[in-house]
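See below for the structure under consideration.
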Amino acid sequence: MIDQLVSLDQEAFLAINQGLSNAFFDWLMPVLRNPYTWAPLYLFIIVFCIKNYRKKGMLIIFFILITFGIADAVSSSVIKKTVKRVRPCNDIEFKEEVAVRVRCGSGYSFTSSHATNHFAISTVLIMIFYRRWKHILWLALLWAATISIAQVYVGVHYPFDILGGALLGSVIGYLTGLVFRVVVPDFAPVKSAS
């Protein structure tokens with residue numbers, strides 16, 4: 001059973017890493033997974049929250065940071081060090097088939113911290129803002145999924161690493177979002193044009 005799952009994961013990996021290979025993605029995917037690419041978005045979220053919600057905006061930022069911190073710690077320090085799955089680009093028996101498009105890194109593969117962190121942030125943002133701005137649902141999930149799939153394309157994670165990270169991050173974001181709703185029960189985001 002485990003061997004079949006590993007084989008399925010490797011086949012799915014090759015379908016993305018090799019099957020989707022083209023010059024545009026070779027340029028785009030490393031950019032999408034780079035945290036500096038998203039710095040303007042992070043800055044916008046901070047400025048938007050503080051400008052529109054003041055003290056509650058500071059709480060939103062605090063909850064986003066707490067969500068990120070928990071997600072990253074659980075993925076990097078607990079799960080990765082427990083599971084100890086080797087990255088596809090470092091797997092001695094598999095790496096010859098991998099198109100590595102970024103530095104591979106020496107850390108473990110499961111769960112993807114990129115996927116965990118971004119799905120956690122996306123989910124907590126959805127929990128906070130969805131009541132007034134429905135588009136946050138698909139925008140946030142598309143953002144997290146795009147960054148996550150880029151991890152497979154560049155050769156540093158298997159699809160199951162991404163799925164595990166997405167599930168873990170979503171649960172963490174959902175739980176911190178619930179806590180936010182308890183701490184700030186009267187939070188009502190400004191209405192935006194739909």
Of all residues making up segment 1-17, the number that are under 17 Å from Asp161 (Cβ atoms) and either within 21 Å of the chain's Cα centre (by Cα) or in a loop (DSSP other than H, G, I, E, B) (or both) | 8
Set Val190, Val182: member being assigned to a helix (DSSP H, G or I), open to solvent by 40 Å² or more (accessible area, probe 1.4 Å) and at pLDDT below 95 | Val182
Check Leu142, Leu137, Leu163 and return the single one that is surrounded by fewer than 21 Cβ atoms within 10 Å (Cβ to Cβ) and within 23 Å of Val78 (Cβ to Cβ).
-> Leu163
Could you grab the pairs with beta carbons closer than 8 Å, sequence gap of 6+ or different chains, first residue in segment 17-39 and open to solvent by less than 60 Å² (accessible area, probe 1.4 Å), second one aromatic (Phe, Trp, Tyr) and in a helix (DSSP H, G or I)?
-> Asn17/Tyr153; Phe25/Tyr153; Met29/Tyr153
Given segment 71-174, what helices (runs of 4 or more DSSP H) lie entirely inside it while holding 2 or more residues that are small (Gly, Ala, Ser)?
-> 113-129, 136-153
Residue that is within 30 Å of Phe187 (Cα to Cα) and surrounded by 18 or more Cβ atoms within 10 Å (Cβ to Cβ), where the choices are Phe62, Phe68 = Phe68
Conditions (1) within 17 Å of the chain's Cα centre (by Cα); (2) open to solvent by 40 Å² or more (accessible area, probe 1.4 Å); (3) among the hydrophobic types (A, V, I, L, M, F, W, C); number of the one not met by Ile92 | (1)
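The values are calculated or read from the model by the stated rules, or taken from the named source; none is laboratory data. Quick caveat, the model's predicted, so the values are computed rather than measured. So basically every Cβ, Gly included, is an ideal-geometry build from the backbone, and we count neighbours across all protein chains shown. Protein only, heavy atoms only, side chains kept; ligands, DNA and RNA dropped before computing areas. Shrake-Rupley method; radii C 1.70, N 1.55, O 1.52, S 1.80 Å.
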